[in-house]
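**Student:** Got a structure for you, questions after.
Quick note: the coordinates plus some simple rules give every number you see, no bench work behind them. Here the structure is a predicted model, which means the values were calculated and not measured. Cβ sites come from the backbone with ideal geometry, for glycine too, and all protein chains shown count toward neighbours.
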């Protein structure tokens, strides 16, 4: 979006306020206009439009699920997404991992003084579009402006509320020996998309983030009556961290097969260039599912119907009750322990 496009669509006059000022967080007229004309207009819905200090709403019968997360990605815009759409997708996906149908989001913006209005409007519009795609409403929020140099552009916090429409207890504690491990698609694209932009890496094809909502395939698994023992989105720490967290909670040994893990060639090349393992790299539109062996073929077929999980595959199994352990079988047939990353390999990617 260039300045001309912004001036034609933005509700605030760019000629007077091209950048965020401290006064936009000061509680006066500028803050009122920012909230009303930016956030109020973009996220308009009957609950938000009451303009009350708290949102009042009715939820369908059932257990509720709630999650909260903060997004501090750098750069704010990256191939395949931005901080706004990622904030919506990430929060919706966290709800989906408990088997909840996402309903509502809150959104708090921490904005650095000097951020271009065009940048903020682009992010707000991206959040609006992502929320519409996910079938959720942003019903309340907050805005704060911090001094130049104190906020690195823009941070977003979101809280999500969903309803559990089923009796299943989806939890690592439900994992059993013999269960199969499924992942919903290829790994590593989000982390490598961020790093390619940040480090100026050039590839034949642009690596785009996999940022996307995954509630659709999860809810279809539940609707089909698939017994799901555990779900986990593969964000920070990637597949390796998710598997180790499950093994630790369930006190089991998990074995996966490297040859069954889908990784694009350009992502593999980027990881090799940076000395990283794709199973440690963050994703924003991928998850793993742990299901009984007898349910795995049907679960796989259901996942593969959805564009976001068309490359779903079975990568391993829970082998036994034991001290927590995750091992990976290499393409040559040898086994090694797959541990969590020892440190922060990719700072500021989500």
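**Student:** Would you calculate a helix-derived [θ] at 222 nm for the chain, using -39,500 (n - 2.57) for each DSSP H run of n ≥ 4 and dividing by the full residue count, to the nearest 500? Working shown, then result.
**Tutor:** Numbers: 9 runs with 95 residues, N = 350.
Helix-only estimate at 222 nm: -8000 deg cm²/dmol.
**Student:** Pick from 57, 43, 78: which residue has the top mean-square fluctuation in a GNM of the chain where Cα pairs under 10 Å get a spring?
**Tutor:** In the Gaussian network model the winner is 57.
**Student:** Can you tell me how much longer the chain between residue 334 and residue 206 gets when fully stretched, taken as 0.36 nm per residue apart minus their C-alpha distance, in nm with one decimal?
**Tutor:** 42.8 nm
**Student:** OK, next. Any idea what angle helix 83-96 forms with the longest principal axis of the chain, computed on alpha-carbon atoms, 0 to 90 degrees, nearest 10?
**Tutor:** 40 degrees
**Student:** Using mean Cβ contacts within 10 Å as the protection proxy, how do 254-266, 189-201 order, highest first? Mind dumping the intermediate values first?
**Tutor:** On the way: 254-266: 17.1, 189-201: 21.6.
Those peptides, ordered most packed to least, come out 189-201, 254-266.
**Student:** Under the √(5λ) rule applied to the eigenvalues of the Cα gyration tensor, what semi-axes describe the equivalent ellipsoid of the range 172-337? Give them in Å, descending.
**Tutor:** Details: eigenvalues 136, 74, 33 Å².
Listed largest to smallest, the semi-axes of the range 172-337 are 26, 19, 13 Å.
**Student:** Would you kindly compute the Cα radius of gyration of the chain and its largest Cα-Cα separation (Dmax), both in Å?
**Tutor:** 21.3, 67
**Student:** Can you sort 248, 113, 132 from fewest to most other Cβ atoms within 10 Å of each residue's own Cβ?
**Tutor:** Fewest-to-most Cβ neighbours within 10 Å comes out as 132, 248, 113.
**Student:** If you average the alpha carbon positions of the range 38-86 and of the range 230-259, how far apart do those two centres end up, in angstrom?
**Tutor:** After rounding, the separation between the Cα centres reads 29 Å.
**Student:** Also, I was wondering about something else. What ranking do 230-237, 278-285 get when scored by the average of other Cβ atoms within 10 Å per residue, highest first?
**Tutor:** On the way: 230-237: 22.4, 278-285: 26.2.
In decreasing order of mean packing, 230-237, 278-285 become 278-285, 230-237.
**Student:** Would you please give the FRET efficiency between residue 50 and residue 74, computed as 1/(1 + (r/R0)^6) with r the Cβ-Cβ distance and R0 = 41 Å, to the nearest 0.05?
**Tutor:** Computed FRET efficiency for residue 50 and residue 74 comes out at 0.70.
**Student:** Report, as a whole number in µm² per second, the diffusion coefficient that Stokes-Einstein gives for the range 241-350 at 10 °C and 1.306 mPa s using the Kirkwood radius over alpha carbon pairs.
**Tutor:** 103 µm²/s
**Student:** Would you mind ranking 144, 29 so that the residue whose beta carbon has the fewest other beta carbons within 10 Å leads the list?
**Tutor:** Values: 144 13, 29 10.
If I rank by nearby Cβ atoms, fewest first, I get 29, 144.
**Student:** Along each of its three principal axes, how wide is the spread of alpha-carbon positions in the range 102-222, in whole angstrom units, largest first?
**Tutor:** 54, 42, 25
**Student:** Something else about it: To the nearest 10 degrees, how steep is helix 238-250 against the longest Cα principal axis of the chain, on a 0 to 90 scale?
**Tutor:** 60 degrees
**Student:** I've got another one for you. State, to one decimal in nm, how far the label point of residue 133 lies from the label point of residue 66, with both points 7 Å from Cα in the Cβ direction.
**Tutor:** Placing both labels 7 Å beyond Cα along the Cβ direction yields 2.8 nm.
**Student:** Would you please state the base-10 log of I(q)/I(0) at q = 0.13, 0.17 1/Å for the range 3-164, with intensities from the Debye formula using one equal scatterer on every alpha carbon?
**Tutor:** -0.60, -1.01
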